[in-house]
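Visitor: Here it is, the structure, as structure tokens.
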Amino acid sequence: LDVVKPFSFQNTKDGFYRLVSKILKAKEIEQASRVVIGMEPTGHYWKPLAWFLTEQGYPVVIVNPLHVKRSKEMEDNSPGKTDRKDAGIIADLVSQGKFQHCILPKGIYAELRNLYVARQQQRRKLNSS
């Protein structure tokens with residue numbers, strides 16, 4: 001059941017504000033006292049959105065991509081991937097409490113994580129030669 005008609009938005013600040021307006025609309029329609037934002041952390045596109053929503057005061061949680069895939073296959077016996085279908089699966093997993101809290105490192109911890117990732121990438125390049 002879609003509370004708000006599915007929509008797309010750009011991975012920009014304007015797109016994020018558009019999403020927040022839809023969240024507020026859904027919150028009003030459902031007369032909800034709070035909202036939890038669930039997402040699948042694939043690639044790097046989710047991070048700017050997670051930072052933005054966290055700064056706006058929304059709790060952000062992440063769902064394991066493997067759990068999304070397996071849940072999708074169990075629901076309709078099809079591994080087919082659509083954004084609308086994935087959003088429904090993610091929402092269902094979040095409502096069941098099957099998520100992890102999103103930890104976005106700040107300051108020196110963010111720098112250490114970035115350095116670690118850069119080191120891992122360099123090691124892979126060296127080992128592949």
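Visitor: I'd like the full set of residues that are charged (D, E, K, R) and not in a helix (DSSP H, G or I), limited to region 1-30.
Guide: Matches in region 1-30: ASP2, LYS5.
Visitor: If we scan region 29-52, do we find a residue that is over 21 Å from PHE7 (Cβ atoms) and in contact with a Ser or Thr (Cβ under 8 Å, 6 or more places away or on another chain)?
Guide: No; the residues of region 29-52 include none that is over 21 Å from PHE7 (Cβ atoms) and in contact with a Ser or Thr (Cβ under 8 Å, 6 or more places away or on another chain).
Visitor: Taking only region 10-56 into account, find how many residues are acidic (Asp, Glu) and under 16 Å from the mean Cα position of the chain (by Cα). Walk me through how you get there before you give the answer.
Guide: Kept after step one, since they are acidic (Asp, Glu), are these residues of region 10-56: 14, 28, 30, 40, 55.
Those left that are additionally under 16 Å from the mean Cα position of the chain (by Cα): 40, 55.
Qualifying residue count, region 10-56: 2.
Visitor: Mind checking whether some residue in region 90-105 is among the β-branched types (Val, Ile, Thr), more than 21 Å from LEU19 (Cβ to Cβ), open to solvent by 40 Å² or more (accessible area, probe 1.4 Å) and without any contact (Cβ under 8 Å) to a residue 12 or more places away in the chain?
Guide: Yes, some residue in region 90-105 is among the β-branched types (Val, Ile, Thr), more than 21 Å from LEU19 (Cβ to Cβ), open to solvent by 40 Å² or more (accessible area, probe 1.4 Å) and without any contact (Cβ under 8 Å) to a residue 12 or more places away in the chain.
Visitor: Here's a check for you: in region 49-58, which residue that is part of a helix (DSSP H, G or I) and open to solvent by less than 40 Å² (accessible area, probe 1.4 Å) is nearest to PRO105 (Cα to Cα)?
Guide: Residues of region 49-58 that are part of a helix (DSSP H, G or I), as a first pass: 49-55.
Filter again for open to solvent by less than 40 Å² (accessible area, probe 1.4 Å), leaving 49-50, 52-53.
Details: LEU49: 14, ALA50: 12, PHE52: 14, LEU53: 15 Å.
Ranking the qualifying residues of region 49-58, first place goes to ALA50.
Visitor: Please count how many residues of region 73-84 are in a loop (DSSP other than H, G, I, E, B) and either open to solvent by 100 Å² or more (accessible area, probe 1.4 Å) or aliphatic (A, V, I, L, M) (or both).
Guide: First, pick out the residues of region 73-84 that are in a loop (DSSP other than H, G, I, E, B): 77-82.
Retained after the next criterion (residues that are either open to solvent by 100 Å² or more (accessible area, probe 1.4 Å) or aliphatic (A, V, I, L, M) (or both)): 77, 81.
The qualifying residues number 2.
Visitor: Select from region 85-118 the residues that are of a type in the set (Phe, Trp, Tyr) and either within 15 Å of ILE37 (Cβ to Cβ) or in a loop (DSSP other than H, G, I, E, B) (or both) and list them in ascending order.
Guide: Residue satisfying the conditions is PHE99 alone.
Visitor: For the subset of region 21-48 comprising residues that are open to solvent by 100 Å² or more (accessible area, probe 1.4 Å) and within 24 Å of VAL68 (Cα to Cα), which member is modelled with the lowest pLDDT?
Guide: Keep residues of region 21-48 that are open to solvent by 100 Å² or more (accessible area, probe 1.4 Å), which gives 25, 28, 30-31, 33-34, 44-45.
Adding the requirement that they be within 24 Å of VAL68 (Cα to Cα) leaves 34, 44-45.
Working: ARG34: 93, HIS44: 82, TYR45: 86.
Checking each candidate, the answer is HIS44.
Visitor: Looking at VAL63 and the list (1) closer than 25 Å to PHE9 by Cα; (2) out of contact with any Gly (no Cβ under 9 Å at 6 or more places or on another chain); (3) modelled with pLDDT of 90 or more, which single condition is not satisfied?
Guide: Only one criterion is unmet by VAL63, namely (2).
Visitor: Separate question: So ARG70 ticks every box in (1) at positive phi; (2) in a helix (DSSP H, G or I) but one. Which box is left unticked?
Guide: All conditions are met except number (1).
The values are calculated or read from the model by the stated rules, or taken from the named source; none is laboratory data. Fair warning: this is a prediction, and the values are worked out from it, not measured in the lab. In this analysis, Cβ positions are derived from the backbone assuming ideal geometry, glycine residues included, and neighbour counts consider all displayed protein chains. Note: areas computed on protein heavy atoms with side chains; ligands, DNA, RNA excluded. Shrake-Rupley method; radii C 1.70, N 1.55, O 1.52, S 1.80 Å.
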